[in-house]
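**Q** Take a look at the following structure, please.
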Amino acid sequence: MKRSGKRNRVSSYDKTGGNDDRIYIKPGDTATIADISGSGIINHIWMTHSSDGFKPEKNSFRKALLQFYWDNEENPSVNAPLGDFFGMGHGISKNFVSEPLQMSPEDGKSLNCWFPMPFSERALLTVKNECKSALILYFYVDYEQFDSLSDDVLRFHARWNRECPTGGKDPDLFKKHQEFCFGGNNTTGDENYQILEAEGQGHYVGANINIHNLNLSEKWSWPGEGDDMIFIDGEKWPPNIHGTGTEDYVNMAWCPTQEYNAPYHGLILGGDDNWKGKITYYRYHIKDPIMFSKSIKVTIEHGHNNNLSDDWSTTAYWYQTEPHMKYEPILPVAQRLPVDEEHLKWEGKIKFEDE
């Protein structure tokens, strides 16, 4: 089919014709990487970064913050840490492949996004550096430019959330496998972890889900069994879209640990022995978007009946009419950092990493 429009790109190439094809963002500064006027659709973003030579600063994937604005809005439609936006949390990168998002060699430091991002008047893309050192950033922003877009074209959104720890039940439950897995009944969804809340009309297209298992018991330590519950247009419990377990929502089974990358679902990190440590899943509703007319709440239990207290973080992706809800500011950088595992191991309580 004949394609209209014009292909354009904004990149970090050296405007002098030299080979310094990058920008430098000082600690605390925010850089505009693209400011595009008119109508168009961004359909590919590539980025990579470092702090000194080839090595990024520790946790820079959580410390650098992406904020994208469409059509002169005041509040960003995209607000997420760098690594989490591109598909993986925990402040790290790892090679994986999905249809909309990929981390590519070397060691997942090449970040790619193919979610279409339409705009009618202006697209403003910024990167805030909350690292302790300068952020050296290379990037492409590839887009198609048009004379105009239809009024019914929805805008792309992405939002990061974290709860650390989730509000679980008495840890003594861990001593009894049956209580841990099956104890209690959740008939409201009120205490579920919230992946997304949005108002307006649109469709939810998925999320990456990052769990750091904080249970130090040597007993069976699977952190899943959380049913997904998606409440559309104000419906009450039980919602029409009600799932059966964490691994079921991400289209896997039987407490998976094997790395697996498919176009729309996958397991990037399977955790350590007995599901300890860090886990990353993704589920993208590209072929099966979840539509809403007025509002949506995408939630999931943290363990059956929300029994478990773990570190959960997610990035949700969706399209909707504007204006979107005004959200609370993203957590400050100190509260975005991964949990200090050595401190957790010896002290038995949570402390965030801070080199």
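**Q** Expressed in nm to one decimal, what extension gain is obtained for the pair Glu163 and His203 from 0.36 nm per residue of sequence separation less their Cα-Cα distance?
**A** Answer, rounded to one decimal: 12.0 nm.
**Q** Once you have a ≥ b ≥ c as the square roots of the Cα gyration tensor eigenvalues for segment 243-355, tell me rounded if a/c is under 1.5, and otherwise prolate or oblate according to whether a/b is larger than b/c.
**A** In terms of gyration-tensor shape, oblate.
**Q** I'd like the accessible area for Lys294: 1.4 Å probe, protein heavy atoms, all chains in place, Å² to the nearest 10.
**A** 150
**Q** Moving on to the next point. Sequence-distant or interchain residues sharing an amide H contact under 5 Å with Val78, placed H: which?
**A** Amide H neighbours of Val78: Phe68, Ala158.
**Q** Check cross-link reach from Lys294 to the lysines: straight Cα distance under 26 Å, and skip same-chain residues fewer than eight apart.
**A** Lys236, Lys326
**Q** Between Glu353 and Tyr138, what FRET efficiency comes out of the Förster formula 1/(1 + (r/R0)^6) with R0 = 22 Å and r the beta carbon distance, rounded to 0.05?
**A** 0.25
**Q** Hey, another quick one. Work out the charge dipole of segment 1-118 with +1 on the Cβ of Lys and Arg and -1 on the Cβ of Asp and Glu about the Cα centre, then indicate which of Leu65, Gly5, Ser51 is farthest towards its positive end.
**A** Checking the options against the dipole of segment 1-118, the answer is Gly5.
**Q** If the cut-off is a Cα-Cα distance under 19 Å, which lysines reach Lys276, setting aside same-chain residues fewer than 8 apart in sequence?
**A** Within the straight-line cut-off, Lys276 pairs with Lys94, Lys169, Lys175, Lys176, Lys219, Lys345, Lys349, Lys351.
**Q** Now a separate question. Computed FRET efficiency, Cβ-Cβ of Trp220 and His44, R0 51 Å: what is it to the nearest 0.05?
**A** Here the calculated transfer efficiency is 0.75.
**Q** Apply the Karplus curve 6.51 cos²θ - 1.76 cosθ + 1.60, θ = phi - 60°, to the phi angles in segment 33-50 and return the couplings in whole Hz, x for Gly and Pro.
**A** 9, 8, 9, 10, 9, x, 10, x, 9, 6, 10, 7, 10, 10, 9, 8, 8, 8
**Q** Moving on. Between Tyr327 and Asn72, with labels modelled 7 Å along Cα→Cβ, what's the label distance in nm to one decimal, could you check?
**A** Placing both labels 7 Å along Cα→Cβ, they lie 2.5 nm apart.
**Q** What order do Trp254, Trp275 take when sorted by accessible area (1.4 Å probe), most exposed first?
**A** From most accessible down to least: Trp254, Trp275.
**Q** Same structure again: Hey, of [x] 178; [y] 144; [z] 131, which did the structure itself give for volume of the Cα convex hull per residue in Å³ when calculated?
**A** Matching the structure shown: [y].
**Q** Another question, if that's okay. Residue by residue through segment 132-146, what is 3J(HN,Hα) from phi via Karplus (6.51 cos²θ - 1.76 cosθ + 1.60, θ = phi - 60°)? Round to whole Hz and write x for glycine and proline.
**A** 7, 10, 4, 9, 9, 10, 10, 7, 10, 10, 9, 8, 9, 9, 10
**Q** Same structure, new question: Could you do me a favour and compute the accessible area per residue for segment 1-122, 1.4 Å probe, result in Å²?
**A** 47
**Q** Quick one: which residues, 5 or more positions from Ser39 or on another chain, have an amide H under 5 Å from its amide H? H modelled 1.01 Å from N in the peptide plane, none for Pro or chain starts.
**A** Phe146
**Q** In addition: Could you derive backbone 3J(HN,Hα) for segment 95-101 from the dihedral phi with the Karplus parameters 6.51, -1.76 and 1.60 (θ = phi - 60°), listing whole Hz in sequence and x where the residue is Gly or Pro?
**A** 4, 7, 10, 10, 5, x, 9
**Q** Return the whole-Å distance between the Cα centroid of segment 301-355 and the Cα centroid of segment 229-264.
**A** What the calculation gives is 19 Å, centre to centre.
**Q** What distance in nm lies between label points placed 7 Å from Cα along the C-beta direction at Ser104 and Arg3?
**A** The answer from the label model is 1.6 nm.
**Q** Ok, one more. What net charge do the residues around Leu65 carry, taking every other residue with its C-beta under 15 Å from that of Leu65, with Lys and Arg at +1 and Asp and Glu at -1?
**A** Once positives and negatives cancel, what remains is +3.
**Q** For segment 203-293, what is the charge dipole size about the Cα centre, in debye to the nearest 20, if Lys and Arg each add +1 at the Cβ and Asp and Glu each add -1 at the Cβ?
**A** Here segment 203-293 has a charge dipole of around 160 debye.
**Q** With +1 on the Cβ of every Lys and Arg and -1 on the Cβ of every Asp and Glu, and nothing else charged, how large is the dipole of the chain about its Cα centre, in debye rounded to the nearest 20?
**A** The calculated dipole for the chain is roughly 660 debye.
**Q** Of all the accessible heavy-atom surface of the chain, with the other protein chains kept in place and a 1.4 Å probe, what percent is carbon and sulfur?
**A** C and S fraction of accessible area: 50 percent.
**Q** In whole Å, how far is the Cα centre of segment 118-152 from that of segment 56-90?
**A** So the two Cα centres are separated by 11 Å.
**Q** Separate question: FRET efficiency for His285 and Tyr13, Cβ-Cβ distance as r, R0 = 45 Å, nearest 0.05?
**A** 0.80
**Q** Counting only heavy atoms of the protein chains, get the accessible area per residue of segment 219-318 (1.4 Å probe) and round it to a whole Å² value.
**A** On a per-residue basis, segment 219-318 sits at 40 Å².
The values are calculated or read from the model by the stated rules, or taken from the named source; none is laboratory data. Predicted, not measured: the structure shown is a model, and the values here were computed from it. When we count neighbours, we look across all protein chains shown, and the Cβ atoms used for this are built from the backbone with ideal geometry, even at glycine. All accessible areas refer to the heavy atoms of the entire protein, side chains included, with ligands and DNA or RNA removed. Shrake-Rupley method; radii C 1.70, N 1.55, O 1.52, S 1.80 Å.
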